[in-house]
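**Student:** The structure that follows is given in the form of structure tokens.
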Amino acid sequence: MIRWLGPTAAIIGLALGMIIPRPASGNLTGAQLAVALTPPTLASGSSAELNCGWHTACGSPPTAGTALDWEDGGTGFGNPWYFRGFFYVSDSVRTAYRMYPLVNNQDPNTCDIMTVWITEIHSGALMAIPTYMHVNITSSANFSWQGGPWTVYNSRQIGTTIDDTGSSCGFAGSHVHEDHTSYRTNVVTITRNTDLYPTASQCHTAPCSSLGYGPYTNNSINNWIRRFAWAEGVVPH
Amino acid sequence: MFSRVRIISILLVAALGVSGFFAGRYFLAGGGSEAQQPSPLDQIAPRQTEEAAEPRFKGELLGIALAPSMDQLPLEAQQAQARLTSGGCVGIPVEQAGALNAPRPLALPDGYVLKQGYPQATACSGRPSGLEWDFTVSGAQNIPADVTVIRVITRYATPDAAASRVSVQTINGRQAVVVTPATPDGLAQRSNAFFPEPFGMTAIYAFNLSQEELLKVAVAVAEATQ
């Protein structure tokens, strides 16, 4: 009889493992995830110029807000912009993020707005919404990226800058207006690097480096702009 | 006293049971923490592909020219845009765009929050050209939706929409061109309503807003602008 005890125990264990419900936070892996975005213009490793500090509208005087304006380099329009930054996962190096580039608004009257929805692959849940204005999307396919120690850096061209001049879009010169939408703030900690980047009242005339702010190497973790951090699996979707 | 063999047997049986338990957990999780769960957002791309395969709307309704892109608008609209923007467009104090203000206060339904810094006004070549209110609200799948209402001196726009989504409707006593989202939930989609005005048009640009909510916003805009 004893010879049947082993397989029987294994089968009962297997069944119990599948039947007994997990705790309420059953999808929570315990891993911490975080995305720290860096300047969205110029090729990786370049020194990016800031055109306007934290603002909503960069007029004269500017209005305070959570956006930064980045010089796109070159002359004219059609210069590339990138979704890029450092992608952290606390437990191992693994593919943990999937991104969805989306057109929010594209019209000759208004300022054009694109977003990149950041989801965690573990649950499929949308966790963060960075936004980019005065640009288009030339590569709208979804893509997945690895995260790991804070050394894991990813960068991908999403589109190009445009001439956004329109009846309801005050616009002077090609640049990327980079911001985020507040979302899931009960579970996602959103932090802006206000220690590094100036306010709009400190700089609203390009380039900010002429006032001692930057330029900023766009693939340096020290130059992160905004960071989204959360516990993996904390929301089901 | 248990014999050594019996103790080892009991431990082996217990180990098999515990291993089975965690194996069950593992298989149920789909192979570990790197398992990829289907995201509700994965339906976005197939919907976009399906919608993009339909014939696009290109034409004029209620005196407003609509096309998927600027270069597909009528030549007159392209020339008007070139003239308008040739001298540049800049932000101006809202008070200077007073003529574009709505006759009545623009009050959207409960839940719509005016974004910081709005309304904003714009002048092109020194002439007030646009007044804009940007709102946010909980949209499809409880993801934030963006709603922009503009009153501008132009009568053209570039909604890249299937012809089946575009229609003229009477909303709260006003005629409007409505571009519904491709699916009623509006997930990650754009939708519009355009009201002709003597000076140009009042327009709604929505993202991630359901068809039902778009029409609620349109009712409020019609109320404020008639």
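**Student:** Which value, in debye to the nearest 20, describes the size of the charge dipole of region B:56-225 about its Cα centre when Lys and Arg Cβ atoms bear +1, Asp and Glu Cβ atoms bear -1, and nothing else is charged?
**Tutor:** For this selection, approximately 300 debye.
**Student:** Shifting gears a bit: Provide, for q = 0.16, 0.17 Å⁻¹, the log10 of I(q)/I(0) from a solvent-free Debye sum over equal Cα point scatterers in region B:56-225.
**Tutor:** The Cα Debye sum returns log10 ratios of -0.96, -1.08.
**Student:** To the nearest 10 degrees, how steep is helix A:2-19 against the longest Cα principal axis of chain A, on a 0 to 90 scale?
**Tutor:** 30
**Student:** For the protein assembly as shown, build the charge dipole from Cβ charges (+1 Lys, Arg; -1 Asp, Glu) around the Cα centre, then report which of B:Gln116, A:Tyr132, A:Ile121 sits farthest towards its positive end.
**Tutor:** A:Ile121
**Student:** Also: In what sequence do A:Glu120, B:Glu223 fall when counting other Cβ within 10 Å, fewest first?
**Tutor:** Going from sparsest to densest Cβ surroundings: B:Glu223, A:Glu120.
**Student:** About the Cα centre of region A:32-231, what is the dipole size in debye to 20, counting +1 per Lys and Arg Cβ and -1 per Asp and Glu Cβ, all else neutral?
**Tutor:** Using only the charged Cβ atoms, the result is roughly 600 debye.
**Student:** While we're on this one: What Rg and what Dmax come out for region A:100-237 when only alpha-carbon atoms are used, in angstroms?
**Tutor:** Over region A:100-237's Cα set, Rg and Dmax evaluate to 16.5, 47 Å.
**Student:** Provide the convex hull volume over Cα atoms per residue for the protein assembly as shown, in Å³. Please list the in-between numbers first.
**Tutor:** Working: hull volume 79.3 nm³, N = 463.
Residue-normalised Cα hull volume stands at 171 Å³.
All of the numbers you see were taken from the coordinates with simple rules; none came from a lab. Keep in mind the model is a prediction, meaning the values are calculated, not measured. No Cβ is skipped: glycine too gets one built from the backbone with ideal geometry, and neighbour counts run over all protein chains shown.
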